[in-house]
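Q: Following this message is one structure expressed as structure tokens.
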Amino acid sequence: MSSSSFAKLPPRYVPTKVETRIYEQALKNSWHQSHKTQKKPYTILMPPPNVTGILHMGHVLNNTIQDVLIRRARMQTKEACWIPGLDHASIATEAKVVEWIAQKGEEKEDLGRERFVNRAWEWKERYGNIILEQMKRLGLSADWSRLAFTMDEKRSKQVSDIFLKLHQDGYIYRGTRMVQWDTKAETVLSDEEVYYKEVPGKLYYIRYELVNSPDVLNVATTRPETLLGDTALCVHPKDERYQKFLKQQVYVPLIRRKIPVIADEYVDPSYGTGCLKITPAHDPRDYEIGERHKLPYLVIMDKSGRITHDAGFAVGKDREEAREEVIGALEEKQQLIKVEDIVHKVGFSERTQVVVEPRISQQWFVRMKDLAKPALKAVMQDEIKFHPPKFKNTYRHWMTNIKDWCISRQLWWGHRIPVYYAPRTEEYVVARSREEALKCFVLKGIKVSLEEIKQDEDVLDTWFSSWLWPFSVFAAQNKKEVREAELDYYYPTQVLVTAPEIIFFWVARMIMAGYYHMGKKPFEHVYFHGIVRDKSRRKMSKSLGNSPDPIVLIDKYGADAVRMGMMLCTRAGNDLLFAESLCLQGRNFANKVWNALRLILSWQPQKKTDIKEVQHVAITWFEYKLKKAIQEIENKYQEFRLSEVGLYLYKLIRDDFSHIYLELVKLPSGESFFPGVVEQTRFFLCQLMKLLHPFMPFLTEEVASHLGYLGISISDYPEQDKGVEEEHPMDHVIRTIQTLRAERLKNPKQSYLSIQTDRPDIHQKYIPVFQKLFPLAGIQVKDKQHKEVFSTDPFPKELSEQTRLLCQQDVLILWATKDQTSSTPHEDKGALSHYEEFLKRIRQKLNNPLFQQNAPPQVIERERKKEKDTMEKIAALRSKT
């Protein structure tokens, strides 16, 4: 680039002028698309966000990690395939659609199933892709031509096929069980869709009168409204207090229904009164007791949580209203003895946040025990590797205690269960269509017409389509042979990036489905990232108002700055503390890179110019630093220490390249450069941009283009050079300079340095580096026997020791002439102010949770030593004033 072109570069990097242009260029040139080739495949499947979703900081973290991995693989000449998707999210989407049509004056039930589902598709087409467009603002290099939707035609067919196969193999069955019920969404939930939290509540003590006896039994309960469905009282068989009441009957309060008193070892005599009310249709514990004692099940609440006619009291009331009515009636009849305030755990629906209602219901289930066996073995034997491995214990606990999976949901939006019923009979068949069902009924000898056949009203749990994701995404090709060839090429995939909270919902089930349907694992590695939290360690969420809008951050700082900010503070499996200052740090770093580019492009090469000695030294040193960096970065990638990769690159570019290398090779304004220096420096910057590209794709593409390299995202990634030395001799000198800089000397150019070292040859060789980076009045190098080996100039006769420092094994003694060592009270006061400010900055760093969370122990220890040394200097200065 000519100097005139350099002059056109803005003084600061402006993301808004770069990002859209570069992303559109990548899409136009199909840089991110993947096809079956002779290359080694590297496949990542994007965890499909809900169609109801709006981009949040968790998405930013999750997808940036995936993009870092896929961009690097693409540059390593692998056939990188990152498949994006969308999840139909049955419960969340149906709720959104119900709200949407209500604004038009329409009701779900009035529309009927077919018209409501059509409305849902309209909503999906209008709003469902918002999150995908937001993701593109992050610069994600997904193959958008492969976008898959969990309810599109191909995925729907595969869902039906797997259901049929599982049913045929005896894994799917229909049964009546106690389930977790969402009264707002009016659907069953799986156990994993329920979360528990401690909330304040009350314990009500209620009097039950015995039949044909003046005695009473007192019962403690947190849910007095459910007494309407009681079918027994229960005590421990060895509880002496209640022996005489066994096999007697009591009246249910308010409704005077007779129920027996039974005994079961489940009862804890020390809890409450030691006498439990048993409501088998509305409590999981009571359901199990009811099964053992063959008690009747009385359902007293409908699907919306309202009291039914069978209850005989508070009919039509919401469960909360019914509770108040029951309590009032008990008080009136003097059957409420007392009420205690308690704190207890209550289950909530993850989707709608309402209190779940245990309910007896007929549902479809998948038998999981046998499916779990190969999936458990694969993870515990590291056929599938977890990063970090600590999550293997969580996985093992859940898989060894796995329960059957309730897969039916009482919704209209979703994959309708492929089960068909014949009229006037309990017979059903599993089929892909009504026509296929008719043939199945004929084979069973059941006479029925096509019009009479009715399909099951329920839909499948959203996760039923999601657990097929690793192989269902390759069902998008038109020809079977092409599809199978692609599946064989891309499957198993390489990495799944996800959060640990869905290890049961999704990760475990995908592994089970992979071994069941494909006979092999779905992915090689699982990378678990943490939860994004604020500085108070609260989970970021819109409801708490502590989550910034990622699009606002991108507009303000640029996508690269947001990406880099996130990556600098995350470690596998650990929650990360996010602050907007991280984005500012990312933007400042981008400007540092941009300034390096502008500086290099301003240099004018001249063939007749000779290379300077210090330039030669700097080039040799940075060649080593670059080789060492490539080696270190590769090792960190192999161990999925991605945050450490980002931090390593940050320091390499900011400190080693910008602050040291460029300072060493640059010349005074107006001087011409030896062409080889300019060429080598441009090469260094381009290699650095290749290493940085997975983290900051827009900036690196723009910088590389100004250096004459187009399409860095599809260029070759820098390769390792085996046999790199552990350390370059110049690094020793750099540490010495950094130690001296930390002292913040008042007049370094008037100070003299004496170095006592067992490697005097190193310091003598790199004196030009000293003179360029930290100019002093004179430098003297001595061996450990205090014998002078080298001196730049004879030291003045009258010198006074200014300070003595230790840098590894070297002793550094700074000297100054007498007129420089004496200080005035004013100078001492200025020095004191300086060191007090320095101490404040050190303590801010040590008190920063991000620093404590991410910094290596040796770095933290170094800062603590700085704190101690600075405190000593402050004490010395205060003693002089």
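Q: Please work out the average accessible area per residue across the range 515-638, using the 1.4 Å probe convention, and give it in Å². Each step should come with its number before you reach the end.
A: On the way: 5180 Å² over 124 residues.
Ligands and nucleic acids excluded, the figure is 42 Å² per residue.
Q: Order 331-344, 49-62 from most to least packed using the mean count of other Cβ atoms within 10 Å. Spell out each step's value before the answer.
A: Details: 331-344: 12.1, 49-62: 20.9.
Those peptides, ordered most packed to least, come out 49-62, 331-344.
Q: For the range 559-639, what class follows from the C-alpha gyration tensor (a ≥ b ≥ c being the square roots of its eigenvalues): rounded when a/c is under 1.5, otherwise prolate if a/b is larger than b/c, else oblate? If you can, show how the numbers build up before the last one.
A: Working: a/c = 4.18, a/b = 1.73, b/c = 2.41.
Oblate, because a/c is 1.5 or more while a/b does not exceed b/c.
Q: Looking at the range 655-764, which trypsin sites (Lys or Arg not before Pro) are in a loop (DSSP not H, G, I, E or B) and have at most 10 other Cβ atoms within 10 Å?
A: Details: sites: Lys666, Arg682, Lys690, Lys722, Arg735, Arg741, Arg744, Lys746, Lys749; in loops: Lys666, Lys722, Arg744, Lys746.
When the trypsin sites (Lys or Arg not before Pro) of the range 655-764 are filtered for loop state and at most 10 Cβ neighbours within 10 Å, Lys722 remain.
Q: How about Lys535: which aspartates and glutamates have a C-alpha closer than 13 Å to its C-alpha, ignoring those fewer than 8 places off in the same chain?
A: By straight Cα distance, Lys535 reaches Asp575, Glu580.
Q: Would you calculate the separation in nanometres between label points at Thr609 and Ser536, each defined as 7 Å from the Cα along the Cα-to-beta-carbon direction?
A: Reported label-point gap for Thr609 and Ser536 is 5.7 nm.
Q: If you roll a 1.4 Å probe over the range 276-432 with all protein chains in place, what percent of the accessible area is carbon or sulfur? Kindly include the intermediate steps, with their values, before the conclusion.
A: Details: 3630 of 7820 Å².
Of the solvent-accessible surface of the range 276-432, carbon and sulfur hold 46 percent.
Q: Normalised by the empirical 2.2 N^0.38 Å for globular proteins, what value does the Cα Rg of the range 332-414 take? Show your work: numbers first, answer last.
A: Values: Rg = 20.3 Å, N = 83, 2.2 N^0.38 = 11.8 Å.
Here the Cα radius of gyration is 1.72 times the empirical estimate.
Q: Can you pull the percent of the range 45-152's accessible area that's carbon plus sulfur, 1.4 Å probe, other chains left in place?
A: Numbers: 1690 of 3620 Å².
Within the range 45-152, the accessible surface is 47 percent carbon and sulfur.
Q: Moving on to the next point. As I understand it, the value is the acute angle between the Cα axis of helix 642-651 and the longest principal axis of the Cα atoms of the chain; what does it come to in degrees, rounded to 10?
A: 20 degrees
Q: With each run of n ≥ 4 DSSP H residues scored as -39500 (n - 2.57), what mean residue ellipticity at 222 nm is computed for the chain after dividing by its residue count and rounding to the nearest 500 deg cm²/dmol? Mind showing how you got there, number by number?
A: Values: 32 runs with 361 residues, N = 881.
-12500 deg cm²/dmol, from helical runs alone.
Q: Shifting gears a bit: Once the Cα atoms of helix 857-880 and of the chain are each reduced to a long axis, what angle between those two axes, in degrees from 0 to 90 to the nearest 10, is obtained?
A: 60 degrees
Q: In square angstrom, what is the accessible area per residue of the range 65-136 with a 1.4 angstrom probe? Write down the numbers at each step before the final one.
A: Details: 2840 Å² over 72 residues.
Per residue, the range 65-136 has an accessible area of 39 Å².
Q: In the range 533-676, how does Rg compare with the Kirkwood Rh, expressed as the Rg/Rh ratio over alpha carbon atoms?
A: Values: Rg = 19.6 Å, Rh = 17.8 Å.
Taking Rg over the Kirkwood Rh, I get 1.10.
Q: Still on this structure: Take the alpha carbon gyration tensor of the range 205-272, find the square roots of its eigenvalues, order them as a ≥ b ≥ c, and report rounded if a/c is under 1.5; if not, report prolate when a/b exceeds b/c, else oblate.
A: oblate
Q: Might you tell me the accessible area per residue for the range 223-267, computed with a 1.4 Å probe and given in Å²? List each step's numbers first, then the result.
A: Values: 2040 Å² over 45 residues.
That works out to 45 Å² per residue.
Q: Further question on the same structure: Lysines within cross-link reach of Lys258: Cα-Cα under 26 Å, excluding same-chain residues under 8 positions apart?
A: Lys238, Lys244, Lys247, Lys277, Lys294, Lys317, Lys333, Lys338
Q: Round to a whole number: what % of the accessible area of the range 645-770 belongs to carbon and sulfur, probe 1.4 Å? Could you put the intermediate results ahead of the total?
A: On the way: 2330 of 4990 Å².
After summing per-atom areas, the C and S share lands at 47 percent.
Q: Quick one: length gained pulling Thr620 to Glu679 fully straight, 0.36 nm per residue minus the C-alpha distance? Before the final figure, lay out each step's value.
A: Working: separation 59, 0.36 × 59 = 21.24 nm, distance 1.39 nm.
Gain on extension, Thr620 to Glu679, equals 19.8 nm.
Q: Students often check this: by mean Cβ neighbours within 10 Å, which of 362-370, 506-514 ranks highest, and how do the rest follow?
A: On the way: 362-370: 16.8, 506-514: 24.7.
For the peptides 362-370, 506-514, the packing ranking is 506-514, 362-370.
Q: Moving on to the next point. Dipole size in debye (nearest 20) for the chain around its Cα centre, Lys and Arg Cβ +1, Asp and Glu Cβ -1?
A: Details: 132 positive and 118 negative charges, 300 e Å.
Roughly 1440 debye, rounded to the nearest 20.
Q: When N is the residue count of the range 627-753, what does its C-alpha Rg come to as a fraction of 2.2 N^0.38 Å?
A: Numbers: Rg = 17.1 Å, N = 127, 2.2 N^0.38 = 13.9 Å.
That ratio works out to 1.24.
Q: Highest mean first, how do 390-402, 176-188 rank when packing is the count of other Cβ atoms within 10 Å averaged over residues? Intermediate values should be presented prior to the final figure.
A: Values: 390-402: 14.8, 176-188: 20.8.
The peptides rank, most packed first, as 176-188, 390-402.
Q: Helix 825-846 against the longest principal axis of the chain: what's the angle in degrees, Cα atoms only, rounded to the nearest 10?
A: 30 degrees
Q: With no solvent and one point on each alpha carbon, what is the Debye value of log10 I(q)/I(0) for the range 51-106 at q = 0.25, 0.26 Å⁻¹?
A: -1.00, -1.03
Q: So for the chain, averaging the separation of alpha carbon pairs under 8 Å that are six or more residues apart and normalising by length, what relative contact order in percent results? Working shown, then result.
A: Details: 1458 pairs, mean separation 109.4, N = 881.
Normalised by residue count, the contact order of the chain is 12 percent.
Q: DSSP loop (so not H, G, I, E, B), at most 15 other Cβ within 10 Å: list which trypsin sites (Lys or Arg not before Pro) in the range 398-437 pass both filters.
A: Values: sites: Lys403, Arg409, Arg416, Arg424, Arg432, Arg434; in loops: Lys403, Arg424, Arg432.
Qualifying residues, ordered by number: Lys403, Arg424, Arg432.
Q: With an 8 Å cut-off on Cα pairs and a minimum separation of 6 or more residues, tell me the relative contact order of the range 251-292 in percent.
A: Numbers: 22 pairs, mean separation 8.5, N = 42.
Worked out over the range 251-292, it gives 20 percent.
Q: How high is the FRET efficiency between Ile130 and Gln455 when r is their beta carbon distance and R₀ equals 51 Å, given to the nearest 0.05?
A: My answer for the efficiency is 0.95.
Q: Relative contact order, percent, of the range 266-344 when contacts are C-alpha pairs under 8 Å separated by at least 6 residues?
A: Relative contact order comes out at 13 percent.
Q: Over the Cα atoms of the range 707-792, what Rg and Dmax result, in angstrom?
A: 18.4, 57
Q: Rounded, prolate or oblate: pick one for the chain, where a ≥ b ≥ c are the square roots of the eigenvalues of its C-alpha gyration tensor, a/c under 1.5 means rounded, and failing that, prolate if a/b is larger than b/c, else oblate.
A: Working: a/c = 2.98, a/b = 1.84, b/c = 1.63.
Note, shape of the chain comes out prolate.
Q: Taking a threshold of 28 Å on the Cα-Cα distance, which of the pairs Lys124/Lys165; Lys202/Lys390; Lys520/Lys690; Lys154/Lys184; Lys556/Lys592 fall above it? Could you put the intermediate results ahead of the total?
A: On the way: Lys124/Lys165 30 Å; Lys202/Lys390 39 Å; Lys520/Lys690 35 Å; Lys154/Lys184 31 Å; Lys556/Lys592 17 Å.
Those over the limit are Lys124/Lys165; Lys202/Lys390; Lys520/Lys690; Lys154/Lys184.
Q: Label points 7 Å out from Cα along the Cβ direction at Asp318 and Ser304: separation in nm?
A: Label-label distance for Asp318 and Ser304, simple model: 1.1 nm.
The values are calculated or read from the model by the stated rules, or taken from the named source; none is laboratory data. Computed from a predicted structure; not experimentally measured. Methodologically, a virtual Cβ is constructed for each residue, glycine included, from the backbone with ideal geometry; neighbour enumeration extends over all protein chains shown. We work out accessible area using only protein heavy atoms, side chains counted, and drop any ligands, DNA or RNA first. Shrake-Rupley method; radii C 1.70, N 1.55, O 1.52, S 1.80 Å.
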